[in-house]
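Worksheet: one structure, shown below.
The values are calculated or read from the model by the stated rules, or taken from the named source; none is laboratory data. All of these numbers come straight from a predicted model, not from anything done at the bench. Neighbour counts are summed over all protein chains in view; Cβ atoms, including those assigned to glycine, are modelled from backbone coordinates with ideal geometry.
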């Protein structure tokens, strides 16, 4: 999507304060990242040269925080 401001990268910090109104006015609707469920396994994968694709489903899972404007 050329010209799109949407970025989905696993290195995004999942910090809810980034969804405050001041950030929303800049187009931040959601945060997407990785939740590490098995730190030892993920560290082993990384130490062996593996990256995000290697540890997703093997000690880590995709995660999302999305602004809810339904209220």
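General observations
- Test: residue in segment 3-11 that is loosely packed, with under 10 Cβ neighbours inside 10 Å, more than 14 Å from the chain's Cα centre (by Cα), on the phi > 0 side of the Ramachandran plot and modelled with pLDDT of 90 or more: no
- Pairs are defined by a Cβ separation below 6 Å, a sequence spacing of at least 6 or placement on different chains, a first member in segment 40-65 that is closer than 18 Å to residue 13 by Cβ, and a second member that is assigned to a helix (DSSP H, G or I) and modelled with pLDDT of 90 or more; the pairs so defined are 55/42; 55/45; 60/42.
- Residue check for residue 23: modelled with pLDDT under 75 and part of a helix (DSSP H, G or I): yes
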